[in-house]
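Engineer: Here you go, one structure.
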Amino acid sequence: MTMNKEKRMKKLSVLIRTLMMFLVSAFMILPFLWMFATSHRAPAESFALPPSFFVTEFKWQNYVDVIQKLNFFDFVKNSFIVSVSALVIQLVVSCFAAYAFSRIEFKFKNILFVILLSGLMIPSQSIIIPNFMTLSRLKLIDTLWSLIVTQTYYPLGIFLLRQFMLTIPKSYDEAAYLDGASKIQVLNHVIIPMSKAPILVVVFMHFISTWNNFFGPMIFISTNSKMTLPLGLTLLKGNMGATNLSLVMAGVILALIVPLMIYVVGQKHLMGGVMISGIKS
């Protein structure tokens, strides 16, 4: 009798968890369904009540209008230039910094590491004025370099790589030193190949963060031809009317393609890298 009761309670628990997961999933998916459905409606149907979450008629002309009237691919090109350039620079900096903090002994190492990590607690909005003044003196305002430079500081990347490098036995370094390798050669030929998983995590996280960045371009960029995709989408409202929600949603759907592709392709590596990037002091 007790065993039957335990089985019923276990089945009920599984049912409740499944129902909760379904409700949470629906809560997260429905907005995207509404966006996709709205992007295929005529402007007059965009604000119809009750809202519809399903497409009744595919109207791909909305997507064509966004691409043709918005210089869409110019914004995509700018976003790629900024995201890839900033990623390459910050990845080089993160690898060297993580190697130094995990492998090299020097004065005030722990203090410097804490100061470096303090950047995680400082909102980017709080340093926007100093950044603007510095970039203005360097004559980088309204250039893509202003976005690249401000996106190269990524303390989270240094932290993740440093934590993983601490888990790599130093015997590998010593064996390489016995063969005559320098510290740079050890980093390039031993540490980095063994750190591919956390490096991929940093690549995905930084690229998506830079790709979706809106606040920085809004402050530093004023010329339409130099706008990145998130900022360029704001022209949909100005150029095509605030009530044309169908075109706005079509633009948002198009903007989601690249992050979605990166997530689908890198999901396995991303989750694996997060799991093995253990926290070690």
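The values are calculated or read from the model by the stated rules, or taken from the named source; none is laboratory data. Note that the structure is a prediction, hence the values are computed from the model and not measured. Using ideal geometry, Cβ is built from the backbone for each residue, glycine included, and neighbour counts are taken over all protein chains shown.
Engineer: Would you mind stating whether residue 137 is of a type in the set (D, E, K, R), surrounded by 15 or more Cβ atoms within 10 Å (Cβ to Cβ) and assigned by TED's automatic domain parsing to the domain that holds residue 202?
Structural biologist: Considered against the rule, which asks whether it is of a type in the set (D, E, K, R), surrounded by 15 or more Cβ atoms within 10 Å (Cβ to Cβ) and assigned by TED's automatic domain parsing to the domain that holds residue 202, residue 137 comes out as no.
Engineer: Go over the candidates 129, 81 one by one and state the one that is touching a residue at least 40 places away in the same chain (Cβ under 8 Å) and either in the same structural domain as residue 41 (by TED's automatic domain parsing) or farther than 24 Å from residue 185 by Cα (or both). Give the steps one after another, and end with the answer.
Structural biologist: Details: 129 fails: touching a residue at least 40 places away in the same chain (Cβ under 8 Å).
The conditions single out 81.
Engineer: Find all pairs meeting these conditions: Cβ atoms under 7 angstrom apart; at least six residues apart or on different chains; first residue within the stretch 235-248 and in the same structural domain as residue 74 (by TED's automatic domain parsing) and in a helix (DSSP H, G or I); second residue surrounded by 18 or more Cβ atoms within 10 Å (Cβ to Cβ) and at pLDDT below 55.
Structural biologist: Qualifying pairs under 7 Å: 247/240.
Engineer: Continuing with this model, one more query. Can you confirm whether the stretch 170-180 contains a residue that is closer than 25 Å to residue 225 by Cβ and of a type outside the set (Phe, Trp, Tyr)? Explain how you work it out, then say what you get.
Structural biologist: The initial filter retains those residues of the stretch 170-180 that are closer than 25 Å to residue 225 by Cβ, namely none.
No, that holds for no residue.
Engineer: I'd like the residue in the stretch 100-126 that is exposed (fewer than 11 other Cβ atoms within 10 Å of the Cβ) and small (Gly, Ala, Ser) and, out of all such residues, is farthest from residue 187 (Cα to Cα).
Structural biologist: Of everything passing the filter in the stretch 100-126, 126 is farthest from residue 187 (Cα to Cα).
Engineer: Which one is modelled with the lowest pLDDT, of the residues in the stretch 241-281 that are closer than 28 Å to residue 101 by Cβ and among the hydroxyl-bearing types (Ser, Thr, Tyr)?
Structural biologist: 281
Engineer: Now, a different point. Does the stretch 217-227 include one or more residues that are over 24 Å from residue 143 (Cα atoms), of a type in the set (S, T, N, Q) and in a loop (DSSP other than H, G, I, E, B)?
Structural biologist: So in the stretch 217-227, the residues over 24 Å from residue 143 (Cα atoms) come out as none.
Within the stretch 217-227 (the criterion being over 24 Å from residue 143 (Cα atoms), of a type in the set (S, T, N, Q) and in a loop (DSSP other than H, G, I, E, B)), the answer is no, since none of the residues qualifies.
Engineer: Loosely packed, with under 13 Cβ neighbours inside 10 Å and at pLDDT below 80: is that true of residue 49 in this structure?
Structural biologist: Criteria met by residue 49.
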